[in-house]
Amino acid sequence: MAEIELRDIEKSYGETAIVKGVSLSIRDGEFLTLVGPSGCGKSTLLRIIAGLEAQNSGEVLVAGRCVDDKRPKERDVAMVFQSYALYPHLSVFDNLALPLRTRRLSFAQRLPLVGRALPGRGDVEKAIRAEIEQAASMLDIAHLLRRKPGQLSGGQRQRVALGRAMVRHPAVFLMDEPLSNLDAKLRVQMRAEIIALHRRLGVTFVYVTHDQAEAMTMSDRVAVMMDGELLQVDRPERLYRDPEDLRVAEMIGSPKINVVSRAHWVSLGASLPAGIHRNTAHLAFRPEAVGIVASGDGRLNGVVASVENLGSDIFLNVTLADGQGTVVVRTHPDASRSEAGRSVGLQIDPACLLQFDGAGMRQREVERVEAAA
Amino acid sequence: MISRFSDRRFAGRVARHAILLLTAAFALLPFVWMVSLSLKPPQEIFQADFRLWPTAFHGGENYRIALTAAPMFSFLLNGVLVCAAIFALQLLVCIPCAYALAKLRFRGRDTLFSAVLVGLLLPPQALAIPHFVMLNVFGFLDTYAALILPWAISTFGIFLLRQFFRSIPDEIIHAARLDGLGEFEIIWRIMIPMTAPALAAFGIFSVVAHWNDLFWPLIAVRRAEISTPALGILLFRDDEAGQFLGPLMAGAVIIVAPLLLAFLIAQRRFIDGLAVTTMK
Amino acid sequence: MTALDCNRPREAAAKARLATRSGEHGLAWLAVSPALLLLVGLLFGPVAAVVLFSLTDWQLGSFTFHFIGIANFRALFADPTFWKALTNTLVYVAIVVPGTVLLGLVVALLIETSPGLRGFYRAAHFLPVMSTMSAMAIVWGTMLHPTIGLVNRALGVMGISGVNWLRDERTALLALALIGIWQGFGFAMVLFVSGLKAVPQQLYDAAAVDGADGVLDRLRFVTLPMLGPVTMFVVILTAKRSFEVFDSVRVLTQGGPNYASEVLLHRLYTESFDFLHMGYGAALTVVYLAVIVLLTLTQARLLERRVHYS
Ligand SMILES: Nc1ncnc2c1ncn2[C@@H]1O[C@H](COP(=O)(O)OP(=O)(O)OP(=O)(O)O)[C@@H](O)[C@H]1O
Ligand SMILES: [Mg+2]
């Protein structure tokens, strides 16, 4: 029962606006990823949800309740940080126990020395120990409980950080680039583990990353953020196929989407495909939407500048006929026309052609009408 | 060729030790002299030929006089008490302030920090007159309070601890807040344990300074019962028993020994502590 | 479940948020308030008081005082003992600073060239830094004693007749400077050692490749230039400590004979607390304060530059 709603959140540090009017609803139990370039305000937004940072205006609602006047610990959210933020002077066990102790022990019981002797503390400690051991075995860190964080590997620290968030059974998990300090292989593995954790706990996850592969593979929905604004919030596959904004189209997908401006297209002497809206300023198409045909047969023509063979796919970088700009083409390894220096024609699937106006907004009405006709 | 090279090396090593032994002798000579004299009977001190070790061992007597004619132990005790109280007060005042300056956002923070930096400029001796007048007004002169209170604030401590607190990542503090710790609990459970070496360094700096300080105790107190070691040895010298060199040197040994022993036990700590704190 | 309960007017939410934020404000102010109070009560208030005192004819114990303008300063600058104290202090600084820095540097270089007995040397040279000056000054007093003192006995063995170091106008300040160097050079050594440790090994390797592989070459082309900033720091630190010389003067000479070893801080002490001339003492304090503040500002400026370099 923990949907999150952000209404018109704005935040600035001094004069510079960092978050500019973000509104977003996150469903209960959803895995939502915030993705965007560095410095766009993702962490800031996450810290506002956690209550670590106060917004200048707008409201945060968790489970339908306004939490703006609640302190972080009263918001029932847990957070996993990029640097893990484990307490270096405490053992793994004590790291995991700290959030439980602060919640379950009274102030007097938490006092140094005296607290240990107070009645009731023993029982609470016993319960805490049991829960930590359970969580630890779930994360496969049970054998590390006595160590200090400094004696752990990156992956192990990551698990402890997850464990510290988990033991409290929060309604919301906030994760700020939790995998960015891991090496590539471990990252893929931890990705799977976090997905499994989400499935098992069934609570809301808000996950921040600037790695679009993480965003695409892990999330129910992805919120693309840029310069403090949300550009689009959608399911990963729709974000890829149906971007609302040229910046979204360019950010999602690797290699990047091909963009040819209308003027450039015309100057190449190529005919525009049918159904182009008059406001359309940019035509964009994914590398897999392009087919290689004989030189002169395609809508666009060019010369293969380089070939990148990834085994499963081959990417051709084709320089357009006037020498200005390249188009990336994805081909099957079995396709034969793939050596550099060769002149080729490019056939573009009109159904996969995306149109954007001068401001980068998607143009779709006319395209649909024409396609139907 | 090789032998010439190693010859030069050998000569270099000998020269190194020769010079260092000379400078070390310069550094250590007063200590040796002090101990030597503290073990001798008066007539031997005035003898024309000098021996390091006394022919007639008079140490027991000298030290007995030093300990009985003057309240040596209470000098040391006062030193411990005053230094401990000063350091405790400084921590109590500095830690929350340094934490707020390093990690909390509030209006006036930069102004306050500038004030701390300006405070860093002021030599304590320049404040002696007003401190003296103030203590006089409150009737605190010649009490422990007079020795302790003027040092309750250490701008140096605030500055130093702020630097160390700043080096702790914000994420740790955010994690602690989410874990349910209040700000004072964060200080107590997270900041203090994480900066323990820095606190120890500051402690060494503070204790060494106040144990050895003569200027202020000379102004603030007259009574021997509450004198700190640095002042105590002066009072002892100006006393009758202190006219005799043997007991006077024994007294000096007693005054100097505690810090030096502590230093010899934890050399690295002391040297790094003092070097680090001044270099910051 | 929708958020009906949050649909209250915006101002209310804003007010609530303001409350939490001013909570952090309040907490921060609570945390700094003891320090702030003491900062004003024990540092800035007193500094203002000193300046105020220096403009009055107030004497401790009297209940009245008059503002007399800069009369105290005029008296101070007309007082030959003040000038004597000032020049003596400068001479003291001029002897102790180079002595301490050079000795500290040489010892640090020698200690760091090879590991033999390193720990012993470091501890031995550092011992004077830790020792209580008033007690050690008494010890130095006996060592410099004209007849039974170690110094004159040693000179006697070499056939030189010593002088009464601390009672002779020509040597009293010199003797005090020697004690100052004795106490300070171990600290300079430690600072230099930490500076030496910070010299990257690659620089020596590079110098060796470039043909500078002798001990003196390495010293001249790598070590000393790299120690520049530390040296600056040590010089200023030592200068500051030398300006604060008091303990040895008080214990051994009390400024005598005939003001030959009178220094600023001792002058300040005697005028203010032996003679209770608070106004005059305050004026002296203001001058002293100005000197120290100037020195510290120079240090800050230089250190700032060092930070920019690295
Ligand atoms: N306490 C602060 N004071 C001033 N500016 C800040 C503060 N915290 C963050 N900023 C600025 O806000 C902007 C957004 O920061 P934020 O940490 O939210 O970015 P991010 O999207 O998480 O980037 P990254 O992917 O690099 O983590 C940055 O330009 C940053 O410099
Ligand atoms: Mg971030």
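Of all the residues in the range C:268-294, those that are within 7 Å of chain B (Cβ to nearest Cβ) and open to solvent by 30 Å² or more (accessible area, probe 1.4 Å) number 1. If the condition is being under 20 Å from residue A:149 (Cα atoms), open to solvent by 30 Å² or more (accessible area, probe 1.4 Å) and more than 8 Å from every other protein chain (Cβ to nearest Cβ), then the range B:165-187 contributes B:167, B:170.
The helices (runs of 4 or more DSSP H) located wholly in the range C:195-310 that include 1 or more residues which are within 20 Å of the chain's Cα centre (by Cα) occupy C:224-243, C:264-269, C:278-309.
If I filter the range C:185-193 for residues that are over 25 Å from residue C:129 (Cα atoms) and crowded, with 17+ Cβ neighbours inside 10 Å, do I get at least one hit?
no
Of all the numbered requirements in (1) among the small types (Gly, Ala, Ser); (2) more than 9 Å from every other protein chain (Cβ to nearest Cβ); (3) in a loop (DSSP other than H, G, I, E, B), residue B:206 misses one, and that requirement is (3).
Of the helices (runs of 4 or more DSSP H) that lie entirely inside the range A:96-156, those containing 1 or more residues that are away from chain B (no Cβ under 14 Å) and at pLDDT 85 or above span A:121-139. Highlighted here are the strands (runs of 3 or more DSSP E) found entirely within the range A:1-55 that include at least 1 residues which are farther than 22 Å from residue A:194 by Cβ and near ligand 1 (Cβ under 10 Å from one of its atoms): A:4-13, A:16-26. For the subset of the range A:77-89 comprising residues that are away from ligand 2 (no atom under 16 Å from the Cβ) and crowded, with 18+ Cβ neighbours inside 10 Å, which member is farthest from residue A:3 (Cα to Cα)? Applying the filter and picking the extreme gives A:87. Quick check, is residue C:172 more than 10 Å from chain B (Cβ to nearest Cβ), touching a residue at least 60 places away in the same chain (Cβ under 8 Å), under 15 Å from the mean Cα position of the chain (by Cα) and buried (at least 21 other Cβ atoms within 10 Å of the Cβ)? Taking the combined requirement at face value, the residue does not satisfy it. Of C:60, C:52, C:37, C:30, all but one fail to be outside any helix (DSSP H, G or I), surrounded by fewer than 20 Cβ atoms within 10 Å (Cβ to Cβ) and at the interface with another protein chain (Cβ under 10 Å from one of its Cβ atoms); the exception is C:60.
Determine whether residue A:120 is of a type outside the set (S, T, N, Q), away from ligand 1 (no atom under 16 Å from the Cβ), open to solvent by 20 Å² or more (accessible area, probe 1.4 Å) and closer than 17 Å to residue A:85 by Cβ.
Values: of a type outside the set (S, T, N, Q): yes; away from ligand 1 (no atom under 16 Å from the Cβ): yes; open to solvent by 20 Å² or more (accessible area, probe 1.4 Å): yes; closer than 17 Å to residue A:85 by Cβ: no.
It is false that residue A:120 is of a type outside the set (S, T, N, Q), away from ligand 1 (no atom under 16 Å from the Cβ), open to solvent by 20 Å² or more (accessible area, probe 1.4 Å) and closer than 17 Å to residue A:85 by Cβ.
Pairs linking a residue in the range B:159-175 that is under 21 Å from residue B:90 (Cα atoms) to a residue that is charged (D, E, K, R) and not in a helix (DSSP H, G or I), with Cβ atoms under 9 Å and 6 or more positions apart or on different chains, are B:159/B:280; B:160/B:280; B:163/B:280; B:164/B:280. Count of the range A:1-45 residues, restricted to those that are within 14 Å of chain C (Cβ to nearest Cβ), closer than 20 Å to residue A:219 by Cα and acidic (Asp, Glu), is 3.
Here is the figure for the range A:289-320: residues that are surrounded by 15 or more Cβ atoms within 10 Å (Cβ to Cβ) and outside any strand (DSSP E or B) total 4.
Might you check whether a residue that is touching a residue at least 12 places away in the same chain (Cβ under 8 Å), surrounded by fewer than 22 Cβ atoms within 10 Å (Cβ to Cβ) and either within 7 Å of chain B (Cβ to nearest Cβ) or not in a loop (DSSP other than H, G, I, E, B) (or both) occurs anywhere in the range C:130-147? Yes, there is a match, as at least one residue in the range C:130-147 is touching a residue at least 12 places away in the same chain (Cβ under 8 Å), surrounded by fewer than 22 Cβ atoms within 10 Å (Cβ to Cβ) and either within 7 Å of chain B (Cβ to nearest Cβ) or not in a loop (DSSP other than H, G, I, E, B) (or both). Selection of the range C:112-129 for residues being in a helix (DSSP H, G or I), more than 7 Å from chain B (Cβ to nearest Cβ) and over 25 Å from the mean Cα position of the chain (by Cα) yields C:112, C:118, C:119, C:120.
Residue-by-condition table, conditions (1) charged (D, E, K, R); (2) surrounded by 12 or more Cβ atoms within 10 Å (Cβ to Cβ); (3) within 16 Å of ligand 1 (Cβ to nearest atom):
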position: A:100; (1), (2), (3): no, yes, no
position: A:106; (1), (2), (3): no, yes, no
position: A:111; (1), (2), (3): no, yes, no
position: A:125; (1), (2), (3): yes, yes, no
position: A:135; (1), (2), (3): no, yes, no
position: A:144; (1), (2), (3): no, yes, no
position: A:169; (1), (2), (3): no, yes, no
position: A:199; (1), (2), (3): yes, no, no
position: A:204; (1), (2), (3): no, yes, no
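Out of B:265, B:254, B:233, I need the residue that is of a type in the set (Val, Ile, Thr), in contact with a Gly (Cβ under 6 Å, 6 or more places away or on another chain), farther than 30 Å from residue C:299 by Cβ and not assigned by TED's automatic domain parsing to the domain that holds residue B:31. Which one? Testing whether each residue is of a type in the set (Val, Ile, Thr), in contact with a Gly (Cβ under 6 Å, 6 or more places away or on another chain), farther than 30 Å from residue C:299 by Cβ and not assigned by TED's automatic domain parsing to the domain that holds residue B:31 leaves just B:233. The one condition from (1) more than 15 Å from ligand 1 (Cβ to nearest atom); (2) away from chain B (no Cβ under 11 Å); (3) open to solvent by 10 Å² or more (accessible area, probe 1.4 Å); (4) in contact with a helix residue (DSSP H, G or I) (Cβ under 8 Å, 6 or more places away or on another chain) that residue A:63 does not meet is (4). Among the numbered conditions (1) assigned to a loop (DSSP other than H, G, I, E, B); (2) touching a residue at least 40 places away in the same chain (Cβ under 8 Å); (3) within 12 Å of chain C (Cβ to nearest Cβ), the only one that residue B:148 does not meet is (1). Identify, please: which residue in the range B:151-164 is of a type in the set (A, V, I, L, M, F, W, C) and open to solvent by 10 Å² or more (accessible area, probe 1.4 Å) and is, among those, nearest to the other protein chains (Cβ to nearest Cβ)? Here the residue is B:153. Being assigned to a loop (DSSP other than H, G, I, E, B) and either free of Cβ contacts under 8 Å to residues at least 12 places away in the same chain or of a type in the set (Gly, Ala, Ser) (or both) is not true of residue C:156.
I'd like to know if the range A:55-72 contains one or more residues that are under 30 Å from residue A:160 (Cα atoms), within 16 Å of ligand 2 (Cβ to nearest atom) and at pLDDT below 90. Among the residues of the range A:55-72, not one is under 30 Å from residue A:160 (Cα atoms), within 16 Å of ligand 2 (Cβ to nearest atom) and at pLDDT below 90, which makes the answer no.
Taking the range A:8-50, which residues are surrounded by 15 or more Cβ atoms within 10 Å (Cβ to Cβ), charged (D, E, K, R) and more than 17 Å from residue A:172 (Cβ to Cβ)? A:10, A:11, A:20, listed by residue number. The residues in the range B:108-137 that are open to solvent by 30 Å² or more (accessible area, probe 1.4 Å), farther than 30 Å from residue B:222 by Cβ and more than 7 Å from chain C (Cβ to nearest Cβ) can be counted, and the count is 8.
The values are calculated or read from the model by the stated rules, or taken from the named source; none is laboratory data. None of the values given here were measured: they were computed from a predicted structure. Quick reminder, even Gly has a Cβ in these numbers, built from the backbone with ideal geometry, and neighbours come from all protein chains shown. Accessible surface is based on the protein model in full, side chains and every heavy atom, while ligands, DNA and RNA are left aside. Shrake-Rupley method; radii C 1.70, N 1.55, O 1.52, S 1.80 Å.
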